[in-house]
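The values are calculated or read from the model by the stated rules, or taken from the named source; none is laboratory data. If you're wondering where the values come from, they're calculated on a predicted model, not measured in any experiment. Here the Cβ positions follow ideal geometry from the backbone for every residue, glycine too, while neighbour counts run over all protein chains shown. Just so you know, the surface numbers come from the protein's heavy atoms only, side chains and all, with ligands and any DNA or RNA stripped out. Shrake-Rupley method; radii C 1.70, N 1.55, O 1.52, S 1.80 Å.
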Amino acid sequence: DTALYAAKRAGRGRFEYYSEELDTKAREAELRGAVAADELVVYFQPAVALATGELRGVEALVRWNHPVRGLLGPGAFIELAEETGAVVPLGTWVLRAACREAAGWRADTPAADELRLSVNLSPKQVAQADLVRTVESILAETGFPPDRLTLEITESVILRPDPLTIGRLEALRDLGIDLAVDDFGTGYSALSYLRSLPVSVLKIDRSFVTGIADDPEARSVCEAVVHLGGAFRMTVVAEGIETAEQAAALIEMGCTIGQGFYFHRPLPPSEAVALVRREFSAVGRRHQPS
Ligand code: C2E
Ligand code: MG
Ligand code: MG
Ligand code: MG
C-alpha cells in the first residue's frame, strides 16, 4: 500500500482516474492503520433532560488523532470508511472503546447507574452477519449493561429493510439494547415499516431543530416527529440545539430529551468522566429536585 501511495504521488496529474483510485486505496489503508494503531479517540456528547438540563446519556462520537493533520472529526473520514468497508472495524473499535470507558464511569460513580450510552452504527455494520455476536462479545468483555446501550442507525437502514437486517435488529432489541433512528426526517421512512421495526428512539435531525424558530416547515417537521414518537411510544431526542429559544420550542412541543452545543459540546474522555462525577455526586449535583 505504501508502494501504491508512492506510485500515486509520482503520477499525480498524469493519470487522473488511476490517481483517484490509488488515492482512495492509500487513504483507506491509512485509516485502517489508524484503527489498528489506536489513533482513534472517542468523544462523548451529553444528552440532557430539556426541562432541567440533567444528564441522561452520552453519545460516542469518533475522532481521529492524526499524527500529521491533528484531531479530525468524522466529516473528514467517515464517508471514505463507509465506501471502503473500513467503517466495520472502525465501528467495532468505537463500540468497544465507548463501552469500556462508560463501564469505568459506572464503577467510579455508582449513582450514574441509569446513564445511557449511544453509539452510532453504520449501514455497513448493520449488514454484517456477525453484528449481533460482535455486540454481545463487546458487552461481555467490557461489562457494560445492554439495557443502558442505545445503538443509532440511519434512516437509510430502515428505508427498505431486508428480513436479515430486521432479524439482526430484533436480536439486538432482545438483548435489551435500544435502537434509535438517527437524523430522523432527512430520509423518507415508510411509517408502516417504522412501526413494525424494533426501534424505540427517534432523533430529530439538526437541520429541523436549527430552523425551528423561523422556518415554519422545519418547525412542522419537529412537531410531526414528536407526535409520531407519542403515537408509536418512542422516545424523541432533538439534536443540534444551539439556543435557549430552540430548547424552549422543543419543550413546548413535548420533546423531553436533547443534545446540542447550547447544553454541551462533545467532550474528550477526561472531561466526560469529570462531568459524570459532578452530575451524579451528592454534593456536586447541579440540578437538585426542587
Ligand atoms: P450524528 O450521529 O448525528 O452526531 C451529531 C453530530 O452533530 C456530531 O458531529 C456533533 O458534534 C454535532 N453536533 C451536536 N450538537 C451540535 C450543535 O448544537 N450544533 C452543531 N452545529 N453540531 C452539533 P460529529 O461528531 O462531527 O459527527 C458527525 C457524524 O459522523 C455523526 O452524526 C455520525 O453520523 C457520524 N459518526 C460519528 N461517530 C461515528 C462512529 O463512531 N461511527 C459511525 N458509523 N458514524 C459516526
Ligand atoms: Mg448519532
Ligand atoms: Mg444524529
Ligand atoms: Mg446528525
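Values for this structure:
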{"read-out": "Matching residues, the stretch 195-233, being of a type outside the set (Lys, Arg) and in contact with a Phe, Trp or Tyr (Cβ under 7 Å, 6 or more places away or on another chain)", "value": "Leu202, Ile204, Asp205, Ala218, Val221, Cys222, Val225"}
{"read-out": "Qualifying residues in the stretch 125-141 (those that are surrounded by fewer than 18 Cβ atoms within 10 Å (Cβ to Cβ) and part of a helix (DSSP H, G or I)) - the one nearest to ligand 3 (Cβ to nearest atom)", "value": "Thr134"}
{"read-out": "First in the stretch 203-214 and of a type in the set (Phe, Trp, Tyr), second anywhere and more than 14 Å from ligand 2 (Cβ to nearest atom), Cβ under 9 Å, 6 or more apart", "value": "Phe208/Asp215; Phe208/Glu217; Phe208/Ala218; Phe208/Arg219; Phe208/Ser220; Phe208/Val221; Phe208/Cys222; Phe208/Val225"}
{"read-out": "Output for the stretch 237-267, where each listed residue is β-branched (Val, Ile, Thr) and within 16 Å of ligand 2 (Cβ to nearest atom)", "value": "Val237, Ile241, Ile257"}
{"read-out": "Criterion (under 24 Å from Gly240 (Cβ atoms), hydroxyl-bearing (Ser, Thr, Tyr) and at pLDDT 95 or above) met by exactly one of Ser137, Ser122, Ser156, Ser189", "value": "Ser122"}
{"read-out": "Checking Glu59 against (1) more than 16 Å from ligand 4 (Cβ to nearest atom); (2) of a type in the set (D, E, K, R); (3) part of a strand (DSSP E or B), the condition it does not meet", "value": "(1)"}
{"read-out": "Any pair with Cβ under 7 angstrom, 6 or more apart, that starts in the stretch 257-280 at a residue that is closer than 24 Å to Trp64 by Cβ and within 16 Å of ligand 4 (Cβ to nearest atom) and ends at one that is open to solvent by 30 Å² or more (accessible area, probe 1.4 Å) and in a strand (DSSP E or B)", "value": "Pro266/Tyr43; Pro266/Leu61"}
{"read-out": "Scan of the stretch 61-118 for residues that are more than 16 Å from ligand 3 (Cβ to nearest atom) and hydroxyl-bearing (Ser, Thr, Tyr), ordered by number", "value": "Thr84, Thr92, Thr109"}
{"read-out": "Qualifying position, being among the acidic types (Asp, Glu) and closer than 22 Å to Glu114 by Cα, among Glu223, Glu245, Glu239", "value": "Glu239"}
{"read-out": "Per-region count, the stretch 158-207, residues within 16 Å of ligand 3 (Cβ to nearest atom) and more than 18 Å from the chain's Cα centre (by Cα)", "value": "1"}
{"read-out": "Some residue of the stretch 79-94 being in a helix (DSSP H, G or I), free of Cβ contacts under 8 Å to residues at least 40 places away in the same chain and open to solvent by 20 Å² or more (accessible area, probe 1.4 Å)", "value": "yes"}
{"read-out": "Test: residue in the stretch 230-241 that is more than 15 Å from ligand 1 (Cβ to nearest atom), open to solvent by less than 70 Å² (accessible area, probe 1.4 Å), on the phi < 0 side of the Ramachandran plot and of a type in the set (A, V, I, L, M)", "value": "yes"}
{"read-out": "Residue in the stretch 50-71 that is out of contact with any strand residue (DSSP E or B) (no Cβ under 6 Å at 6 or more places or on another chain), small (Gly, Ala, Ser) and either over 28 Å from Ile241 (Cα atoms) or within 16 Å of ligand 2 (Cβ to nearest atom) (or both) present", "value": "no"}
{"read-out": "Members of the stretch 206-226 that are of a type outside the set (Phe, Trp, Tyr) and surrounded by 22 or more Cβ atoms within 10 Å (Cβ to Cβ)", "value": "Val209, Ile212, Cys222, Val225"}
{"read-out": "Any hit, the stretch 186-198, residues being within 16 Å of ligand 4 (Cβ to nearest atom), without any contact (Cβ under 8 Å) to a residue 40 or more places away in the chain, in a strand (DSSP E or B) and out of contact with any Ser or Thr (no Cβ under 7 Å at 6 or more places or on another chain)", "value": "no"}
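Listed here are the residues, each with its yes/no results for (1) open to solvent by less than 20 Å² (accessible area, probe 1.4 Å); (2) within 15 Å of ligand 2 (Cβ to nearest atom).
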{"site": "Arg148", "(1), (2)": "no, no"}
{"site": "Leu159", "(1), (2)": "no, no"}
{"site": "Asp174", "(1), (2)": "no, no"}
{"site": "Asp182", "(1), (2)": "yes, yes"}
{"site": "Thr186", "(1), (2)": "no, yes"}
{"site": "Ser192", "(1), (2)": "no, no"}
{"site": "Arg195", "(1), (2)": "no, no"}
{"site": "Pro198", "(1), (2)": "yes, no"}
